[in-house]
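Trainee: This is the structure, below, for whatever I ask next.
The values are calculated or read from the model by the stated rules, or taken from the named source; none is laboratory data. This structure is a prediction, so every number in the text was calculated from the model and none was measured. Methodologically, a virtual Cβ is constructed for each residue, glycine included, from the backbone with ideal geometry; neighbour enumeration extends over all protein chains shown. Side chains included, ligands, DNA and RNA excluded: accessible areas come from the protein's heavy atoms. Shrake-Rupley method; radii C 1.70, N 1.55, O 1.52, S 1.80 Å.
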Amino acid sequence: MEARHPSPSEAPDLLGAFGKLREALAALRNLEHLLGSVQVGPKILAHVMPELEHSSQSWLTDSATLLGHCKQVLACGPALDEFERRLASTLTDISSTLAKADPLAARSRLALERDVRRFIPSLATYVDYLELLLEATVARGVPLSLAELLHSRPELMSEGPSIGVRLAGDAERLEVTLPARVLLRALGTLAASEVRAPGLVISADAGRCRILVRSDVESSVLTQLPTLAPLAAGTAVLRCALLHTGVELSADNRQLELPCRPIH
């Protein structure tokens, strides 16, 4: 299936569905706070739980809507099957746990608190990767030099460790036109997987930039890039999002090739 860009009329539904998943994450964090507070009694929880459990029944539908859009738009949609399966399993587990919980029983309350604490980081990571996919389908790139790109700061993203960067050859005089948030989060996540000091070597040849992820790079530039937490099937998401923006990721996940051009 050929990749395509969604029409403007599709955006409100996508934003609404994604907003509901963000709200789900906020609701779970609020529930964790309530469960852990000695000042919150069973009656308050008995009032909160039914509404939350009812809301959780739509989370799976919302995620299916979003991934259905991504798999339709992105040329590598089938590669997202494992990510979709794992996300659906997590959301089903959350909904089932909320439905079975008994906030009036002390032992059940403690068990629910442990489960919610376990769910939150997992769901947060899935939501971050899903946001990356959505960004790839709707974002438009702006021309940036490679130096400007590496030092831009996407909003609302946590930064990882300092990364050494070496610009080789003509790379300093080149620019790219890509969705910066997609490329930077992918680069930061791939670089963060290095067991030693992460680094990037950027070179160019015949209108293509090559970015190598390496350790202990001798560099004159240091930067910090936003990272996503490690996730099973996460690399497939990165690869799919990058491909849609014109970036090819090698089989060993250590080399990216992307279109670039001289700065005029």
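Trainee: With the requirement that a residue be within 17 Å of the chain's Cα centre (by Cα) and among the aliphatic types (A, V, I, L, M), what does segment 55-71 give you?
Mentor: Listed by number, the residues that qualify are 64, 66, 67.
Trainee: I've got another one for you. Is there a residue in segment 85-106 that is charged (D, E, K, R) and closer than 30 Å to residue 251 by Cβ?
Mentor: yes
Trainee: Which residues, taken from segment 240-259, are assigned to a helix (DSSP H, G or I) and hydrophobic (A, V, I, L, M, F, W, C)?
Mentor: Matches in segment 240-259: 240, 241, 242, 243.
Trainee: Still on this model: Among the residues in segment 152-165, are any without any contact (Cβ under 8 Å) to a residue 12 or more places away in the chain, among the acidic types (Asp, Glu) and open to solvent by 30 Å² or more (accessible area, probe 1.4 Å)?
Mentor: yes
Trainee: Conditions: (1) of a type in the set (A, V, I, L, M, F, W, C); (2) under 19 Å from residue 126 (Cα atoms); (3) at pLDDT below 90. Residue 70 meets all but one. Number of the miss?
Mentor: Just one mismatch for residue 70, condition (3).
Trainee: When you go through 233, 251, 229, 191 one by one, which is the residue that is within 18 Å of the chain's Cα centre (by Cα) and free of Cβ contacts under 8 Å to residues at least 40 places away in the same chain?
Mentor: 191
So that you can scan it fast, the table gives a plain yes or no per residue for (1) in contact with a strand residue (DSSP E or B) (Cβ under 6 Å, 6 or more places away or on another chain); (2) closer than 17 Å to residue 109 by Cβ; (3) charged (D, E, K, R); (4) surrounded by 12 or more Cβ atoms within 10 Å (Cβ to Cβ):
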site: 15; (1), (2), (3), (4): no, no, no, yes
site: 22; (1), (2), (3), (4): no, no, yes, yes
site: 25; (1), (2), (3), (4): no, no, no, yes
site: 32; (1), (2), (3), (4): no, yes, yes, yes
site: 36; (1), (2), (3), (4): no, yes, no, yes
site: 42; (1), (2), (3), (4): no, yes, no, yes
site: 45; (1), (2), (3), (4): no, yes, no, yes
site: 50; (1), (2), (3), (4): no, yes, no, yes
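Trainee: Would you call residue 78 modelled with pLDDT under 90, closer than 21 Å to residue 238 by Cα and either hydrophobic (A, V, I, L, M, F, W, C) or in contact with a helix residue (DSSP H, G or I) (Cβ under 8 Å, 6 or more places away or on another chain) (or both)?
Mentor: So residue 78 passes the test.
Trainee: Do you know which residues across segment 149-172 are outside any strand (DSSP E or B), under 19 Å from residue 221 (Cβ atoms) and at pLDDT below 85? Please lay out each step first, then the result.
Mentor: Filtering segment 149-172 down to residues outside any strand (DSSP E or B) leaves 149-158, 168-172.
Right, trim to under 19 Å from residue 221 (Cβ atoms) and you get 149-154, 168-172.
Within segment 149-172, 150, 151, 152, 153, 154, 168, 169, 170, 171, 172 meet the criteria.
Trainee: Search segment 191-239 for residues being open to solvent by 40 Å² or more (accessible area, probe 1.4 Å) and in a helix (DSSP H, G or I), and hand back the single one that is farthest from residue 259 (Cα to Cα).
Mentor: Looking at the filtered set, the residue picked out is 192.
Trainee: Could you grab me the full set of residues in segment 97-131 that are open to solvent by 30 Å² or more (accessible area, probe 1.4 Å), small (Gly, Ala, Ser) and within 25 Å of the chain's Cα centre (by Cα)?
Mentor: 122
Trainee: How about segment 28-140: which helices (runs of 4 or more DSSP H) wholly inside it have at least 1 residues that are hydroxyl-bearing (Ser, Thr, Tyr) and touching a residue at least 60 places away in the same chain (Cβ under 8 Å)?
Mentor: It comes to 59-73, 106-138.
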